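Presented below is the structure to which this report refers.
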């Protein structure tokens, strides 16, 4: 169907493109690099999109955040709300508030398009954190953190923590009643740190709570320090991803040494751009239609008022939940004291995060597997790891519920004391139960479902030219998946938590090679 | 060049885990398992010609379908154009959050869905397979080369152990000096956490500055008060509670700190510093809404539930010559959450 004209036009376009690229190449010698960029292959799986969603939300956050920063005034100076022009929020007229809070009220009511952009910023932050958490779970449950990707796991975890704190500082900036309560709790945690706590608190807040400096400092932290960290860490995260190439699920034709997927240019690039637009569209749709953080309803912060039902944003709720569940222990001796909030506010999160940081190395020990992996595990094939992941999710969920004990008590008509006791037990016992259920479920799933790439396996027996027979084993179901189809993986030392030998005996020896007598499925 | 990710020419398999490739090392070499869609785990040869894998798209052989796909994209982008015009109009007309949000959403979604339809229907996107290359592991001679380059500097440096040690000490001293400016961030913590603005004869006033008489608080009533002139001091808020004729326990050294049934306790929770502002009249308990620490007012505000481990400090009360409630002194212990040097 291509006519001479079409071909001529194509040739002309090519000449123009080539000339432009030549211009660049003469300066940067970039042709080889640009080819590798355009030809880069990314595997396709819907779950790989979630990390992209996180990145898209970050872009929305940066753009909307810069806009908001142009209107926000980081000052705790006491002012009386008395706007003389524009839209006035009547219930607050005449009230004392900080200049910061007033600037947020003005931004919401008096700046055209201000409210929709402020709400887009908040929604984007929530989508960001949700995407980050999902992405973390995907990486964990599929074993994508294994060698050679341990460093990226660590960078990712650090990103998660910085992003949580970034969310908290952002939510504190409006200086409304709810956010002020959060800052008060943080002051108490910092103040309680042994030896340096009071110094730290005085340095950050400029004195006893609430202090004159915390709002301007939060502004610098939220708009400069943490964004710098996030952008730096994310750049490293993506460069490492680029260098190591994306992991992929096992499938026909996929090995540890090849990569299947579509090239960045053109289809993948347009799809990724489209995804960014769609994430933006959903964010702005939410921002326009679903109100979020209506700070004018909470009122200005003052240190002697708090609303019942105060709780932090959901992504930090687990820390607040830990504060509620931790028993009333404090340590006092030799004239010194370790205050209660330090344990649930720093020690518990610190322990949990440390375990997460070192998990790649724990995982290596558990499975005696120190090798390089580019192909992902199915969660069911690693019951121990999956069990630990589920236990962690149960633990975090329990703490998150704990942050809402007062609201739950109202809704369920159970006393909040009883609810807290239930959740205290739940935080200890729940993860164990979650682990056991997940472990057993994985084993059951291993027995029922065949691996997607095992379909051809078992039916194909090859006779070689020499007359020997071979059953073609697929590559990945065998060995480290422990689903009984491999050549007797029940014998492996790494089978701990891995289906153990109980599956090996149940499956007929469909796979195995003739020159491996006595190991196949016995 | 046929694929981007050319396998290394020297192509040794990278160091892999003990699980990798075990079954396949034993497959007879004459078999080409790839014909069955199964890969033996060898480095992937460069057998994916570029022209071929770049040549397929959904409506490649269906001009009418392609035309329809083009129209679908055009329709999506038309929505974006309309929404953009709407956005400009709404802005000029004065702005309206819901309409703005909806139009932003339509504009973005139209653009994004259009992109995705274009990519899906009209652009080539066949699955490509290529070698990962062996980025994980460099050939041994490269590793040796870098180790030798490093040693080129390390060896002569190691010949001066004194300088190396001194450098460590210098770094420590200089580093210590360099963190001094951080001390400018805030004042030295002394005193502030131990004292509030209450003192001898300080009047208790309400939020609007009105002094309080003991009779202003009915039995089972509760009132938040502040030291006169210091309404915004965050450590000073105090609750006055009239427990009426209920028997209440206080340590013997605090006899006379109450005015009849009227007692005063710090409002700042000893757990995390939130105001303990819910009063349960039936049980005479103060509850902190932040983390549900519960204090028994009749028993010296001892914590009876929740994470708080210390009772709320009591403020000694009396009345002045005009009959207003005043404090006899400051709190006798630091109020609020614990800290390392709390006495």
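A short reminder: the numbers here are calculations on the coordinates, not readings from a lab. Please read these numbers as outputs of a predicted model, since none were measured by experiment. Positions of Cβ are backbone-derived with ideal geometry, glycine not excepted, and every protein chain shown enters the neighbour counts.
Peptides A:369-376, B:289-296, A:82-89, ordered by how many other C-beta atoms sit within 10 Å of their residues on average, highest first, read B:289-296, A:369-376, A:82-89.
Compared with the dominant Cα axis of chain A, that is its longest principal axis, helix A:99-109 is turned about 70°.
Ordering of B:231-241, B:89-99 by packing is B:231-241, B:89-99, highest average first (other Cβ atoms within 10 Å, averaged per residue).
Between the Cα long axis of helix A:49-69 and the first principal axis of chain A there is an angle of about 20°, rounded to the nearest 10. Residue exposure proxy: A:55, A:49, B:157, ordered by other Cβ atoms within 10 angstrom of their Cβ from fewest to most, comes out as B:157, A:49, A:55.
Compute the distance from the alpha-carbon center of the stretch A:267-335 to that of the stretch A:218-240, in whole Å. If we compute the Cα centre of each part, the gap is 19 Å. Scaled against the 2.2 N^0.38 Å expected of a compact globular protein of N residues, the Cα radius of gyration of chain A reads 1.19.
The stretch B:244-286 and the stretch A:54-133 have Cα centres lying 40 Å from one another. Comparing Cα centroids, the stretch A:338-352 and the stretch B:303-340 end up 27 angstrom apart. Across chain A, the mean sequence separation of Cα contacts (distance under 8 Å, 6 or more residues apart), normalised by length, yields a relative contact order of 16 percent. Sort the stretch A:103-198 into rounded, prolate or oblate with this rule: let a ≥ b ≥ c be the square roots of the eigenvalues of the Cα gyration tensor; rounded if a/c is under 1.5, and if a/c is not under 1.5, prolate when a/b is larger than b/c, oblate otherwise. Note, shape of the stretch A:103-198 comes out oblate. Quick one: angle between helix A:226-244 and the longest Cα principal axis of chain A, in degrees between 0 and 90, rounded to 10, please. It is inclined by approximately 0 degrees. Taking every residue in A:326-338 and counting other chain Cβ atoms within 10 Å of its Cβ, the average works out to 4.
Can you figure out the FRET efficiency of residue B:195 with residue A:243, using R₀ = 45 Å and their beta-carbon distance, to the nearest 0.05? Plugging the Cβ-Cβ distance into 1/(1 + (r/R0)^6) gives 0.20. Rg/Rh for the stretch A:150-199 (Cα atoms only, Rh after Kirkwood) is 1.12. Inter-chain Cβ neighbour count for A:285-297, averaged per residue, equals 3 (cutoff 10 Å, partner chain atoms only). Available extension along the chain between residue A:333 and residue A:421 is 28.8 nm, counting 0.36 nm per residue and deducting the alpha carbon span. Using the Cβ-Cβ distance between residue A:15 and residue A:38 with R0 set to 25 Å, the FRET efficiency from 1/(1 + (r/R0)^6) comes to roughly 0.85.
Classify the stretch B:190-262 as rounded, prolate or oblate, taking a ≥ b ≥ c as the square roots of the eigenvalues of its Cα gyration tensor: rounded when a/c is under 1.5, otherwise prolate if a/b is larger than b/c and oblate if not. Oblate, since a/c reaches 1.5 and b/c is not below a/b. For the stretch B:165-287, the ratio of Cα radius of gyration to the globular rule of thumb 2.2 N^0.38 Å stands at 1.61. Inter-chain neighbour count for A:238-251: the average number of beta-carbon atoms from partner chains within 10 Å of each residue's beta-carbon is 1. Sorted from greatest to least, the principal axis extents spanned by the alpha carbons of the stretch B:59-150 come out as 71, 44, 15 Å. Residues in the stretch B:93-131, backbone N under 16 Å from the label point at residue B:84 (7 Å along the Cα-to-beta-carbon vector): list them, ranges by number please. Residues passing the 16 Å test: B:103-115. Provide the FRET efficiency to the nearest 0.05 for the residue A:413-residue B:328 pair, computing r from the beta carbons and using R0 = 30 Å. Approximately 0.10, to the nearest 0.05. Among B:280-286, B:331-337, A:287-293, sorting by the average number of other beta carbon atoms lying within 10 angstrom of each residue, highest first, gives B:331-337, A:287-293, B:280-286. Ordered by the number of other Cβ atoms lying within 10 Å of each residue's own Cβ, fewest first, B:318, B:215, A:3 fall into the sequence A:3, B:215, B:318.
Largest first, the three principal axis extents of the alpha carbons in the stretch A:115-274 are 64, 42, 23 Å in whole numbers. Taking a ≥ b ≥ c as the square roots of the eigenvalues of the alpha carbon gyration tensor, the stretch A:335-450 is oblate, as a/c is not under 1.5 and a/b does not beat b/c.
By the count of other C-beta atoms within 10 Å, a proxy for reagent exposure, A:149, B:67, A:447 are ordered fewest to most as B:67, A:447, A:149.
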